[in-house]
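The structure appears right after this line, and notes come after that.
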Amino acid sequence: MLVISRFVLRHKGVVVLFWLAVLVAGGAASAKLSSRLSPQFALPSAASYQANQQILRLYGNGGNGNPEVAVVRLPPGQDADSPAMRQALGRAFAAVTTRLSGLRVADYASTGDRPFVGRDGRTTYGLVFTPYTGELSPPSLGPQITAAMTPRLPPGSTVAVTGMNELRSGGQARQGFGVLAETLLAGTAALAVLAFVFGSALALVPLLMAAVAIPGCFLAIYGLAEITTVSVIVQYLAALIGLGVAIDYSLLLVTRWREELAAGHPSQEAVSRAMATAGRSVAFSGITVAIGLLSLIVLPVPALRSIGIGGMIVPAVSVAVTLTLLPVLLATVARWMDWPHRRRPAASRAWTAWARLVVRRRWPAALAAMAVLGVLGAAALGIKVGEPAARSLGTTTPAAQTLRTLEHAGIPAGVLDPIEILVPASANPGTLALRLAALPGVRTAVAPTGPAWRRDGTALVSVQPAAEPSTPAGAATLARVRHAVAPIGGALVGGPGALLLDENHAFYGRFPLLVAVLAVITVILLAKAFGSLLLPLKAVLLNLASVAATYGVIVLIWQHGYGSHAVWGLPATGAITNWVPLIAFAFLYGLSMDYEVFILTRIREERDRTGSTTTAVADGIGRTGRLVTGAALILFFAFAALSTGPETDLKVMATALGAGILLDATIVRALLVPALIAILGKWNWWLPRPARRLLRVPAPLPAQPASPATVGIRP
């Protein structure tokens, strides 16, 4: 750190010009970034993905995408089984393919299959397979379908459209604040927290660093998109997590700089001393967060790998800005900005008193914290990974109301997620459809004729399960269908539900490897940083416990619905989207380690100074408690802004990240960490000689007398 601080302080103009250039280029890149990002979560190695690609290539629709579901409600006294009604329904659904090209339709009139009609005889539906665009929220075709069908139905009939795509978007344009507005919202909340922490105009300095870091992230991601496919989710992470991380790192360095100034050091020397301590913590924290995200590359999913690589850019750029541009600002104008200087850079009396209380009551404190984590961790055991239930994707939208109409007529939500079978010329599609329709859990299976369903020596069979694929019943149905189709050489099983279950297997088959890789790297890094073997092991275990508790929170709030309706107006999802736990793990593991590094670095300094672990805990928490709390609140507000987005998946992920940060900063870092350090005592600093030589860790300093402020606290 000394070399870096000397360089940037000798070349202030060059550093400022470099980041100004990055700021301008990043602003230009951000305007074009969205068009270069991919919305797809493709899994090329999965058999279902190959089937879907083949279906799209031959037929131009279906495959990965969910169909639109057109629901017709006939007037009272009319019955879909009457010849006149069947003809009218046939004309109406035929008009859809006439008005909109590239579609494929399965309905009661074209198949004669009675399960397309509800038990009231008046409600019927048709599956409209559309070209797959790969967008997270594809444009709604509901208005066009309704306009095409309504004139061809008897007076008094109603047409409405539902389906998984319609339910996700509400059949409307994207709602929410947008990335820029969400970032501004989070930035405003962050400014309020910073104003409380500093009590002066210095609150603007971390925001200024974030304002440089975020465009820098966009510029780097723009360049990455030229080399490889990058997920569209990365832009949200770069803007909002970049805001929080850049502010956190700047907050740490500015706080330490103020302490050095208060100790009587000149401005530039204060910068160098702050860089040698807080700057080192920032570097280790950034490395840990980056490694946490980069660990996603072990998963065989290009989109998740791109999130890992793209997300890694966020801490990397934030660290670079904090360790180069911020020292220049601190050495030049920051001292004049520390006005009206309402808060002195001293240890917080409240946090010091809290730390002493935890040290004295170490065992009750540790047991209380572990009880909270244990209860939430137990809730996490019931997590169901998959796709949110259709009923949870809206309550008052037209698509949601149309789904209720289907369900009231006895038609289950599983029909929204059909299984598609690509049948070779050697098999009879009609015979296969009859056999599949007889399987338990299948509502119906149809093999319509005509060029929309039979092409180039192949045919399509559409299987409509009764249960959604994320449920155990839906997964069992898919397994039965695959087993029944397996003897047919060349037959392929696809559809969005099949791909979802294959993704689950791919995502979590290597999850233990991801955890193991992260744990080993973390232990090595922290052992070198803190000269201890037990502290890194404790940090890894506490991080895993914190993430498990976070999973418990989203299970309770979203999967079971204890809060999702009150806060967001959405019912229980019944399942958590498969990629959310993975991304939440990668980010929370790294971000939680930020706080561990901030706290342990200061505790280690105080222990080296006093020789007393208990004194070090009290002084270390006293110095970092307000800092960690402020940093956690800033990140929490960033994630709260992310939860205003329209997609349910983003709301769930924002809940996981926000709840995880608060849990970690309070229950774990403010309660469990100091209690455990007090319990372990001198064993905190145990590092065997072979490991010390291997990691090149210097021998510990000799013990010094404890501070009088902590007399009476047992060592």
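The values are calculated or read from the model by the stated rules, or taken from the named source; none is laboratory data. Note that the structure is a prediction, hence the values are computed from the model and not measured. In this analysis, Cβ positions are derived from the backbone assuming ideal geometry, glycine residues included, and neighbour counts consider all displayed protein chains. Keep in mind that these areas ignore ligands, DNA and RNA; they rest on the heavy atoms of the full protein, side chains included. Shrake-Rupley method; radii C 1.70, N 1.55, O 1.52, S 1.80 Å.
Among the numbered conditions (1) in contact (Cβ under 8 Å) with a residue 40 or more places away in the chain; (2) assigned to a helix (DSSP H, G or I); (3) surrounded by fewer than 23 Cβ atoms within 10 Å (Cβ to Cβ), the only one that G658 does not meet is (1). So, in segment 601-625, exactly how many residues are in contact with a Phe, Trp or Tyr (Cβ under 6 Å, 6 or more places away or on another chain) and under 22 Å from T288 (Cα atoms)? Of the residues in that region, 4 qualify. Restricting attention to segment 187-219, the residues that are more than 19 Å from V317 (Cα to Cα) and open to solvent by less than 20 Å² (accessible area, probe 1.4 Å) add up to 9.
Exactly one residue out of V415, V461 is of a type in the set (V, I, T), within 28 Å of T97 (Cα to Cα) and assigned to a helix (DSSP H, G or I), and it is V415. Annotation: of all residues in segment 31-48 being touching a Leu at 6+ places or on another chain (Cβ under 8 Å) and in a helix (DSSP H, G or I), the one that is modelled with the lowest pLDDT is A47. Does V547 qualify as being of a type in the set (A, V, I, L, M, F, W, C), free of Cβ contacts under 8 Å to residues at least 24 places away in the same chain, in a helix (DSSP H, G or I) and open to solvent by less than 40 Å² (accessible area, probe 1.4 Å)? No, not satisfied.
Scanning segment 232-241 turns up one or more residues that are within 22 Å of V197 (Cα to Cα), open to solvent by less than 20 Å² (accessible area, probe 1.4 Å) and either of a type in the set (D, E) or part of a helix (DSSP H, G or I) (or both). Just one of the listed residues (A371, A365, A425, A400) is over 28 Å from the mean Cα position of the chain (by Cα) and assigned to a helix (DSSP H, G or I), namely A365. Please go through segment 12-29 and pick out each residue that is more than 24 Å from V271 (Cα to Cα) and open to solvent by less than 50 Å² (accessible area, probe 1.4 Å). Listed by number, the residues that qualify are A25, G26, G27, A29. Restricting attention to segment 478-492, the residues that are without any contact (Cβ under 8 Å) to a residue 40 or more places away in the chain and either touching a Leu at 6+ places or on another chain (Cβ under 8 Å) or of a type outside the set (A, V, I, L, M, F, W, C) (or both) total 3.
The residue that is most open to solvent (accessible area, probe 1.4 Å), counting only those in segment 661-700 that are of a type in the set (A, V, I, L, M) and part of a loop (DSSP other than H, G, I, E, B), is A699.
The selection criterion, being touching a residue at least 60 places away in the same chain (Cβ under 8 Å) and either surrounded by fewer than 24 Cβ atoms within 10 Å (Cβ to Cβ) or in a helix (DSSP H, G or I) (or both), does not hold for L537. Considering segment 428-441, and only residues there that are open to solvent by 10 Å² or more (accessible area, probe 1.4 Å) and closer than 18 Å to D107 by Cβ, the residue that is farthest from the chain's Cα centre (by Cα) turns out to be G430. Of A94, A106, A51, all but one fail to be buried (at least 16 other Cβ atoms within 10 Å of the Cβ), in contact with a strand residue (DSSP E or B) (Cβ under 9 Å, 6 or more places away or on another chain) and assigned to a strand (DSSP E or B); the exception is A106.
If you go through segment 357-371 and keep only what is open to solvent by less than 60 Å² (accessible area, probe 1.4 Å) and out of contact with any Pro (no Cβ under 9 Å at 6 or more places or on another chain), you end up with A366, A368, A369, A371. Just one residue in the set A447, A516 is small (G, A, S) and buried (at least 17 other Cβ atoms within 10 Å of the Cβ); that residue is A447. Checked against the criterion of being at pLDDT below 90 and of a type in the set (A, V, I, L, M), the candidates L676, L662, L672, L635 yield just one match: L635. Being out of contact with any Phe, Trp or Tyr (no Cβ under 7 Å at 6 or more places or on another chain), among the aliphatic types (A, V, I, L, M) and within 26 Å of G308 (Cβ to Cβ) holds for only one residue in A25, A21, and it is A25.
Condition check: open to solvent by 10 Å² or more (accessible area, probe 1.4 Å) and at pLDDT below 85. Does R623 satisfy that? So R623 fails the test.
The condition of being in contact (Cβ under 8 Å) with a residue 60 or more places away in the chain, polar (S, T, N, Q) and either part of a helix (DSSP H, G or I) or open to solvent by 10 Å² or more (accessible area, probe 1.4 Å) (or both) holds for only one of T615, T629, that being T615. A single entry from A498, A516, A506 fulfils the requirement of being aliphatic (A, V, I, L, M), in a helix (DSSP H, G or I), touching an Asp or Glu at 6+ places or on another chain (Cβ under 9 Å) and more than 20 Å from L687 (Cα to Cα): A498.
Those residues that are surrounded by fewer than 19 Cβ atoms within 10 Å (Cβ to Cβ) and free of Cβ contacts under 8 Å to residues at least 40 places away in the same chain, I need them from segment 115-145; list them, please. Within segment 115-145, P139, P143 qualify.
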